[in-house]
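Novice: Have a look at this one.
Where a number appears in this text, it was derived from the coordinates with a stated rule and is not lab data. Please read all numbers here as calculations on a predicted model, not as lab measurements. Every residue, glycine as well, gets a Cβ built from its backbone with ideal geometry; the counts of neighbours run over all protein chains shown.
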Number of protein chains: 4
Amino acid sequence: MRNTINVGIVGTQFMGRAHSNAWLDVGHYFDLPAQPVMRVACDNVAENLPPFQKRFGWQDAETSWERLVARDDVDLVDICTSNATHMPIAVAAAKAGKHILCEKPIALNADEARRMLEAAREAGVRHMVAFNYRRVPAIALAKKMIAEGKIGRVFHFNAVYYQDWLVDPNFPIVWRHDAKVAGSGAHGDMNAHTVDLARYLVGDEIEAVCAAEEIFVKERPTTGGGRGAVTADDALYSLARFRNGTLGSFMATRFATGRKNYLRIELFGSEGSLIFNLERLNELEYYTRSDDRAAQGFRTIVVTESVHPYINLWWPPGHIIGWEHTFIHEIGDLLLAIAKQEDAAPDFYDGWRCQLVLDAMTRSARERRWVEVAD
Amino acid sequence: MRNTINVGIVGTQFMGRAHSNAWLDVGHYFDLPAQPVMRVACDNVAENLPPFQKRFGWQDAETSWERLVARDDVDLVDICTSNATHMPIAVAAAKAGKHILCEKPIALNADEARRMLEAAREAGVRHMVAFNYRRVPAIALAKKMIAEGKIGRVFHFNAVYYQDWLVDPNFPIVWRHDAKVAGSGAHGDMNAHTVDLARYLVGDEIEAVCAAEEIFVKERPTTGGGRGAVTADDALYSLARFRNGTLGSFMATRFATGRKNYLRIELFGSEGSLIFNLERLNELEYYTRSDDRAAQGFRTIVVTESVHPYINLWWPPGHIIGWEHTFIHEIGDLLLAIAKQEDAAPDFYDGWRCQLVLDAMTRSARERRWVEVAD
Amino acid sequence: MRNTINVGIVGTQFMGRAHSNAWLDVGHYFDLPAQPVMRVACDNVAENLPPFQKRFGWQDAETSWERLVARDDVDLVDICTSNATHMPIAVAAAKAGKHILCEKPIALNADEARRMLEAAREAGVRHMVAFNYRRVPAIALAKKMIAEGKIGRVFHFNAVYYQDWLVDPNFPIVWRHDAKVAGSGAHGDMNAHTVDLARYLVGDEIEAVCAAEEIFVKERPTTGGGRGAVTADDALYSLARFRNGTLGSFMATRFATGRKNYLRIELFGSEGSLIFNLERLNELEYYTRSDDRAAQGFRTIVVTESVHPYINLWWPPGHIIGWEHTFIHEIGDLLLAIAKQEDAAPDFYDGWRCQLVLDAMTRSARERRWVEVAD
Amino acid sequence: MRNTINVGIVGTQFMGRAHSNAWLDVGHYFDLPAQPVMRVACDNVAENLPPFQKRFGWQDAETSWERLVARDDVDLVDICTSNATHMPIAVAAAKAGKHILCEKPIALNADEARRMLEAAREAGVRHMVAFNYRRVPAIALAKKMIAEGKIGRVFHFNAVYYQDWLVDPNFPIVWRHDAKVAGSGAHGDMNAHTVDLARYLVGDEIEAVCAAEEIFVKERPTTGGGRGAVTADDALYSLARFRNGTLGSFMATRFATGRKNYLRIELFGSEGSLIFNLERLNELEYYTRSDDRAAQGFRTIVVTESVHPYINLWWPPGHIIGWEHTFIHEIGDLLLAIAKQEDAAPDFYDGWRCQLVLDAMTRSARERRWVEVAD
């Protein structure tokens, strides 16, 4: 068996950098049967490549993802591009027999996602969607506690995802403002994470949604000096009913002045509750009705103990880890799944199911009505 | 001019006690032209009256609100009964020329509320709805800061109101579980407060809503040993659009395990943000974009300074006040309004406007669609 | 048996107001065999009396505490004056056979405190020192949990008491700045509370202390337009060893910019820990090593449940009480002790023991050395 | 000029791992004129070396630090051993002309530290003590704000450093419990950090200290099955006076049940205040008296903005970094100092000055008296 796995990455921007950091570090912390080799990086803007290669050590470069996907010396394709290109790259990579890691949201819509899922399944490759927040130790701990029955039946799943970088009306138009390229704005980028966490933690599917979206600043300066229309949502709020009766809410906005990357979820259950906030990602709040009646309260678990998920890879108690570690965990688990010839999770099925919900929310907002999530 | 004002209270339960405490204390803290006299208390269960009178010093008792309203020695009627009786008592009190303080929600529905408003206006009496949270010093401070432009245009108003006393399936049926008596469950009791705060702080009306409600425990034990069907909602979540473009959310539930009386509101604006949590009612969180860029953050204002609303009535900085003080502020302001022959606020108009929104939410939940708020 | 108890209060300033509020309210919440009557108020500045009487309903007035103490229609003397007068008033009150409630610190020094204790014991009257923070529900709960062994052996008792009202160098000289009148500055006023809480919660005596004091602003404006020397400490920090081996610290300062009345104590024990902060007095933080290893953390108990001390007097869960309620609890318990002919607590013995520690700290600061607490 | 710098590390335990991680990553984030090469690792236990080399990629190995220091292919020696060996290694490394990074505390006592400082100065090499917390972005931001006068004159510097891993009496004896090997226990390990931060942030020296130490568990199991005496302190508390009049406190303990790596510092100044807590190292709390009077409060700055120190190396706002990043910053700055031929900071002078304070605290605790810090 080969003891290396060659990686080709497509995209050199924010996610390209975050994934590169993880590819660099993963071998030093995970015990991997096959070490990743940072073989080739791809960007359609040629001048982006040399500094990216230099910083992270990608050995080779391509300016066309088609060529990258076709290379014999690539075993795994890591898709870090804008949403509109996920599908074609993933389908081609699958057909070429490459394992795939794909950024979220998986695609522009559920149809694309389903094509990706089918292509990957047909090819028999491993596939994963980069819902990295599943690999925050506190979230992994929450999952474990829920599985153990610690909070019982879940009555409510509430999620907010707040940023504020669009409050400034002079922030220029970027691809994320263009509904055609991005599929959606705050919604796809942010609710993708919280909808995935909802499915993961509640352990059931969302049945129906009712959403409202808003564009607060309708026009923004372009980098070219002109002005352009914003077509992607600044905010999308949604109510949700789960099959199991859980009543949920999802609120994503880039106009939450003062909040930078504030993803907060709450699960209220018949036996207890759990709360998580990404800006304090080393902490998990937990309430249990089984404590002494006079001593019940939300406790803040500092999730840095060796008994906590992933922490044995890192430092002693109280020495916190950062946001980027979630990618190391994700890529480590993907490499282990490949080595063990097991399915990775979350995979394209999860990406597709999440996209069904996101699509339903978009349709609901446009049509101003409740929408059943398609099956 | 008379220097006393005789009060008759109807209802001796939780709100009756909270109001009685305020009637007792208000004269010691407010400089009032006319001191209130705790003249007569009313409850249709006769045995409730003696202990209530003894505890709070109500001079006389009645078992019929009709008789109380008819008494010449009553100048002001304080309505602390269950929601279904607010309208008849208030209309009768108004016709008898009494000033009125009425607990919230103002009535079972907006039609009732409108009849109350019309009766009070025709009679020329002062009328107030007991939305006491407007008189939390931190909320009054927030209102002042918003009026001064501190947070600019409001993008989002988000409110949650969480309690957990119904999580226990053995908690017995009370009148609040009966939709006929209470009008609604968590919704009317809890969203009444947050909808009023929304109108007060955003300074505009809600245009349309989309809500979902749930009854998690469909049947509960009765105090008589049997079992009864729960018909009032355990939780109601709603999206809301304001006329001015604000996107809002309201989530009320009695199944938020671990939360006791957790009313939390957030206003995100173009210049700054404000956050308030009733369980820490002496604090207000504030973020401003006008701080130095490197030193921006949510600050916790401990609202106990002499420059803060109502605090000159109380103690030095850092000596916190309690929940019940909101009633003292409310009743003090009502008595001052009566003395100055000015309108009180929030009055029955506010109660009616709030009820229009609550009704729209209820209809929306039942009909599973967006509902415009009637005018 | 008489069913009233006549109260005479000496002092009409901050503490006079806080106690008056409690005398007013106590009968409405506690079930008392004998109701207090607010008989007479005393201030040596005659013009302070009418507004004070009017606000709180004190029936009569005196300008000499000697006369108040001598009145036949006074059963209990409530001493709310500056520290230098506590001893003479208390001794005279005891000799006149009056029960005594005395503000803290009990006296200017331990010798005075001992004279007060001896006088009260000889006279057989009830005596209490107004260490009101023992009656914060969260502190009473902490005491109960410690008694039940919840935190085991106490390794550390750490207390800070932070205020900031002297940071402004233009804040004028008041009696509290004069070491002769006040005995000490921040120290006696603030460490008195924390030393009492230490004795109460640790359940053992402090053996030796080492302190440092500081006057940061040596001269301040007088109200008369001149300038005066500050002779009382702005801050006093002290280390402490308890007889049982607990290592402690006490830090009081009026130069903690941004802290208003921030009394925070921590107890770290072999089985768990407790933390309390007066600015959030309805909360108690608790950590226990007996929780599941993966789910340990400091939990925030919202101390507003009916199972918590004193809360059955007040409101439902999550409806917080204020600082002033501690005085209602204190006075209620004192009145019950008098009715039951039992000792009150904390009494003059506790006041004296606390003063021994405070005196040792003062001496330690002056002599720059460890000082054993006298016995 | 050579564009690499060869590193030899001594010590493969906790600090060896943390430094190795930083050596691996630093070149990917800092723009370095000379890239570090992980040339050789040293441990006197031979079997520790292969897994350490494999995990982090150290090219070569030595079992004697004397041989490592003598190698021509080593430019910089990174000392991560127990405290007793810092001095001989550092002196030898300096004599061999190597640059030095040395873990804290710098040595067993100030005499050793001074020898190290003199050796490094004579040799003309760069030297740094690994007080990595200076490189937490929030601390670097605090330093900048203090330098800009944001908090004015500092009245108080209070530090606590709390851990709890010794609360379990069955935790076995390690070298840190042996005063001969470790110099001290909690004190040297933990107060070393807070004393350095005090010097850094207050910007002045400590003049005199008074300390108390305690060993709560006097005997512990040895790994060999027997029992051994604990001779190093479990906790050391100290008061401190700074030359500029600041009154300070330092409290280090390993018996703070529930606290894992809780280093919290407070600076209270004439214009504002700053608070930092290592368990939430991406946050800095700031209070300023220059805010509007009605809107003053402690604000939580989430130190993840591009305008904050070091953050331009990392991720967008709200994406937090971890504890280990402090080492990357430290080593990056050291390599830049070497490249620019400038002094590194904190250097052995700082290590020596810190050690003078630590020694004075130890002496003070042993002799139970105030001790002046030697010069």
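Novice: Just rank B:Ser270, D:Ser273, A:Ser306, fewest to most, by other beta-carbon atoms within 10 angstrom. Display every interim value, and only then the final one.
Specialist: Values: B:Ser270 19, D:Ser273 29, A:Ser306 11.
Result, fewest neighbours first: A:Ser306, B:Ser270, D:Ser273.
Novice: Listed highest first by mean packing, meaning other Cβ atoms within 10 Å per residue, what order do C:111-121, C:350-360, C:291-301, B:276-286 come in? All intermediate terms of the calculation are to be shown ahead of the outcome.
Specialist: Details: C:111-121: 20.9, C:350-360: 25.7, C:291-301: 19.2, B:276-286: 23.3.
With the highest mean Cβ count within 10 Å placed first, the list reads C:350-360, B:276-286, C:111-121, C:291-301.
Novice: Counting other C-beta atoms within 10 Å, which of D:Ile173, C:Ile100, A:Ile265 has the fewest, and how do the rest follow? Don't jump to the answer; show the numbers that get you there.
Specialist: Working: D:Ile173 20, C:Ile100 29, A:Ile265 24.
Ordered by Cβ neighbours within 10 Å, fewest first: D:Ile173, A:Ile265, C:Ile100.
Novice: Ok, one more. With a/c under 1.5 counting as rounded, go ahead and sort the stretch C:229-289 into rounded, prolate or oblate using the C-alpha gyration tensor (a ≥ b ≥ c being the square roots of the eigenvalues; past the cut-off, prolate if a/b is larger than b/c, else oblate).
Specialist: Values: a/c = 4.16, a/b = 1.44, b/c = 2.90.
Oblate.
Novice: Taking the Cα atoms of the stretch B:194-257, what is the range of coordinates along each of the three principal axes, in descending order and whole Å?
Specialist: 51, 20, 19
Novice: A follow-up question, please. How about D:Lys104: which lysines have a C-alpha closer than 27 Å to its C-alpha, ignoring those fewer than 8 places off in the same chain?
Specialist: Once the sequence-local lysines are set aside, what remains near D:Lys104 is D:Lys54, D:Lys95, D:Lys143, D:Lys144, D:Lys180, D:Lys218, D:Lys260, D:Lys340.
Novice: Sticking with this one: Using only the Cα atoms of the stretch C:4-131, what semi-axes does the equivalent ellipsoid have when each is the square root of 5 times a gyration tensor eigenvalue? Give whole Å, largest first.
Specialist: On the way: eigenvalues 91, 57, 37 Å².
Taking √(5λ) for each eigenvalue gives 21, 17, 14 Å, largest first.
Novice: If you take the beta carbon distance between A:Ala229 and B:Glu367 as r and set R0 to 51 Å, what does 1/(1 + (r/R0)^6) give as a FRET efficiency, to the nearest 0.05?
Specialist: Details: r = 35 Å, r/R0 = 0.68.
Working from the Cβ atoms, E equals 0.90.
Novice: Report the far tail of the P(r) of the stretch C:260-375, meaning the percent of Cα-Cα pairs longer than 19 Å.
Specialist: Working: 4511 of 6670 pairs.
For the stretch C:260-375, the share of Cα pairs beyond 19 Å comes to 68 percent.
Novice: In deg cm²/dmol, rounded to 500, what helix-only [θ] at 222 nm does chain B give when every DSSP H run of at least 4 residues adds -39500 (n - 2.57) and the total is split over its residues? Intermediate results must be reported in sequence, preceding the final value.
Specialist: Values: 10 runs with 116 residues, N = 375.
Using -39500 (n - 2.57) per qualifying helix, the result is -9500 deg cm²/dmol.
Novice: Further question on the same structure: Which FRET efficiency value, to the nearest 0.05, do you get for D:Asp73 and D:Asn244 by plugging their Cβ-Cβ distance into 1/(1 + (r/R0)^6) with R0 = 56 Å?
Specialist: On the way: r = 47 Å, r/R0 = 0.84.
The value I calculate is 0.75.
Novice: Report the local net charge at C:Thr231: Lys and Arg +1, Asp and Glu -1, summed over other residues whose C-beta lies under 12 Å from its C-beta. Each step should come with its number before you reach the end.
Specialist: On the way: positive: C:Arg176, C:Lys180, C:Lys218, C:Arg220; negative: C:Asp178, C:Glu213, C:Glu219, C:Asp233, C:Asp234.
It works out to a net charge of -1.
Novice: Oh, and also: Let me know the shape class of the stretch D:21-79, please: from the alpha-carbon gyration tensor, a ≥ b ≥ c as square roots of the eigenvalues, rounded when a/c is under 1.5, otherwise prolate if a/b is greater than b/c, or oblate. All intermediate terms of the calculation are to be shown ahead of the outcome.
Specialist: On the way: a/c = 2.82, a/b = 1.48, b/c = 1.91.
In terms of gyration-tensor shape, oblate.
Novice: Next question. Under the classification rounded if a/c is under 1.5, otherwise prolate if a/b is larger than b/c and oblate if not, where does the stretch B:131-280 fall, given a ≥ b ≥ c as square roots of the Cα gyration tensor eigenvalues? Before the final figure, lay out the partial values.
Specialist: Numbers: a/c = 2.81, a/b = 2.16, b/c = 1.30.
Here the stretch B:131-280 falls in the prolate category.
Novice: For D:Asp73, place a label point 7 Å out from Cα along the Cα→Cβ vector, do the same in each other copy, and report the separations in nm, one decimal, smallest first.
Specialist: Nearest to farthest, the other copies are at 2.6, 10.2, 10.5 nm.
Novice: Once the dipole of the stretch A:111-202 is set up with Lys and Arg at +1 and Asp and Glu at -1 on Cβ about the Cα centre, which of A:Ala186, A:His156, A:Leu166 lies farthest towards its positive end?
Specialist: A:His156
Novice: Then there's this: For chain B, modelled as a Gaussian network with Cα springs under 10 Å, which listed residue fluctuates most, B:Ile206, B:Ile215, B:Ile139?
Specialist: B:Ile215
Novice: Let me spell out the model: positive unit charges on the Cβ of Lys and Arg, negative unit charges on the Cβ of Asp and Glu, origin at the Cα centre of chain C. What dipole size does that give, in debye rounded to 20? Please report the intermediate quantities before stating the final value.
Specialist: Numbers: 42 positive and 49 negative charges, 71 e Å.
About 340 debye.
Novice: Another one. What is the pair-distance distribution P(r) of the protein assembly as shown, computed from all Cα-Cα distances in 20 Å bins starting at 0, with each bin given as a whole percent?
Specialist: 9, 34, 36, 18, 3, 0
Novice: Give me the distance in nm between label points sitting 7 Å out from Cα along the Cα-to-Cβ direction at A:Asp111 and C:Asn170, one decimal.
Specialist: According to this spin-label approximation, the distance is 7.2 nm.
Novice: Per residue and in cubic angstrom, what volume does the convex hull of the Cα atoms of the stretch C:195-305 have?
Specialist: Value for the stretch C:195-305: 161 Å³ per residue.
Novice: What FRET efficiency comes out for the pair D:Glu66/A:Ser306, r = Cβ-Cβ distance, R0 = 41 Å, nearest 0.05? Provide the component values of the computation, followed by the final result.
Specialist: On the way: r = 35 Å, r/R0 = 0.86.
Step by step, r from the Cβ atoms, then E = 0.70.
Novice: Sticking with this structure for a sec: Quick check: convex hull over the Cα atoms of chain C, volume per residue in Å³, rounded to an integer? Mind dumping the intermediate values first?
Specialist: Values: hull volume 53.7 nm³, N = 375.
Taking the convex hull of the Cα positions in chain C, it is 143 Å³ per residue.
Novice: Pairs of Cα atoms under 8 Å, at least six residues apart: use those to get the relative contact order of chain D, whole percent. It would help to have the intermediate numbers written out before the result.
Specialist: Working: 834 pairs, mean separation 74.2, N = 375.
Relative contact order, chain D: 20 percent.
Novice: Need one number: nm distance between label points at C:Lys54 and A:Gln13, each 7 Å from Cα along Cα→Cβ, rounded to one decimal.
Specialist: According to this spin-label approximation, the distance is 7.0 nm.
Novice: Right, next: P(r) for the stretch A:131-174: what percent of alpha-carbon pairs falls in each 5 Å bin, starting at zero?
Specialist: 5, 16, 14, 19, 13, 9, 9, 8, 6, 2
Novice: In nm, give the distance between the simple-model label positions of A:Gln35 and A:Lys340, each being 7 Å from the Cα along the Cα-to-Cβ direction.
Specialist: 2.3
Novice: Which whole-Hz ³J(HN,Hα) couplings does the stretch A:363-370 yield from phi under the Karplus relation 6.51 cos²θ - 1.76 cosθ + 1.60, θ = phi - 60°, glycine and proline marked x?
Specialist: Going residue by residue, I get 4, 4, 5, 5, 9, 6, 7, 5 Hz, with x marking Gly and Pro.
Novice: Among D:Lys144, B:Lys143, C:Lys104, which comes first, then next, by fewest other beta-carbon atoms within 10 Å? Don't skip to the end; give the middle numbers.
Specialist: Details: D:Lys144 13, B:Lys143 17, C:Lys104 25.
Fewest-to-most ranking of D:Lys144, B:Lys143, C:Lys104: D:Lys144, B:Lys143, C:Lys104.
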